[in-house]
Ligand SMILES: [Zn+2]
């Protein structure tokens, strides 16, 4: 819903709150993914003092409806209404850790104000499945990352060797390399770093995640021994793109190590 008057536009949008930061006395800057699939930053003026306008709406990983005014150089949030808090996700610190990988990846990989319709349903469904707690959260987050990278245009097709052109069915062992980014038969000698050896099951899984209807991808299976190495390499991939550490992933790693002790 939109109406314009000269340089400003008022609108209402569904949004996922990704990150918030308090500024000055009571204002809050909110990073959110709008229903049009664009990452935006809005200012909620005086939100900490008059919390009625944004009741339970300024918590990361919440689905809300924002009324906002868009000016040429900034967005001002007028009001928010909570649609879905994903409470189960927030009450379980491990689920929250995976949810944070979703939000941090969006905030750090996506340019602001560059819409793509596929992003919003992808993020909402990932949070719904994480919060439902019925499927492996690592696999859900893995599927989110592969779809996200596909939408952002980073993802290779995983259907043939980048060196000799062999098709997926012709080889059993494959190597997925991040620096430089390529997927090749394991028989080639590779220079460069960040390499993982995958078998056809992993590559078929990646291909299916890229191509299947979104609703169906969440039920894809993968052998449990392959889940952690795949998740790890996808997070490292995000890190090569952002040129730094994905903090939420590093936190999950620390958690996993402390549980092993
Ligand atoms: Zn090859």
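What follows draws every value from the coordinates through simple rules; no lab data is involved. Keep in mind that what you see is a predicted model, and the values were worked out from it rather than measured. For neighbour counting, all protein chains shown are included, and Cβ atoms are generated from backbone atoms with ideal geometry for every residue, glycine included.
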Please build a GNM for the chain, connecting alpha carbons under 10 Å apart, and tell me which residue among 25, 125, 245 fluctuates the most. 25
How far apart, in nanometres, would the label points at residue 240 and residue 181 be if each is projected 7 angstrom from Cα along the Cα-to-Cβ direction? 0.8 nm
Just check region 9-85 against the gyration tensor rule for me: Cα atoms, a ≥ b ≥ c as the square roots of the eigenvalues, rounded for a/c under 1.5, and otherwise prolate or oblate depending on whether a/b exceeds b/c. rounded
Highest-MSF residue in the chain out of 82, 33, 194 [GNM, Cα springs under 10 Å]: 194
Can you give me the angle between helix 200-211 and the longest principal axis of the chain, using Cα atoms only, in degrees from 0 to 90, rounded to the nearest 10? 30 degrees
Sequence gap at least 6, Cα distance under 8 Å: using those rules, report the relative contact order of the chain to the nearest whole percent. 15 percent
Helix 137-151 sits at what angle to the longest principal axis of the chain, using alpha carbons and giving 0 to 90 degrees rounded to 10? 90 degrees
Only bridges with both residues in the chain count here: give the DSSP antiparallel percent, nearest 5. 90 percent
Could you identify which residue out of 154, 71, 249 has the top mean-square fluctuation in a GNM of the chain using Cα springs shorter than 10 Å? 71
C-alpha center-to-center spacing [region 148-209, region 221-254] in angstrom: 17 Å
Determine the relative contact order of region 8-71: mean sequence separation of Cα pairs under 8 Å and six or more apart, normalised by residue count, in whole percent. 45 percent
Restricting to DSSP H runs of at least four residues, report the calculated mean residue ellipticity at 222 nm for the chain, -39500 (n - 2.57) per run over all residues, nearest 500 deg cm²/dmol. -12000 deg cm²/dmol
Rounded to two decimals, what ratio of Rg to Rh does region 1-148 give with C-alpha atoms and a Kirkwood Rh? 0.97
Tilt relative to the chain, helix 93-109 - C-alpha long axis, 0 to 90 degrees, to 10: 90 degrees
Going by C-beta contacts inside 10 Å, put 29, 202, 102 in order with the fewest on the left. 29, 202, 102
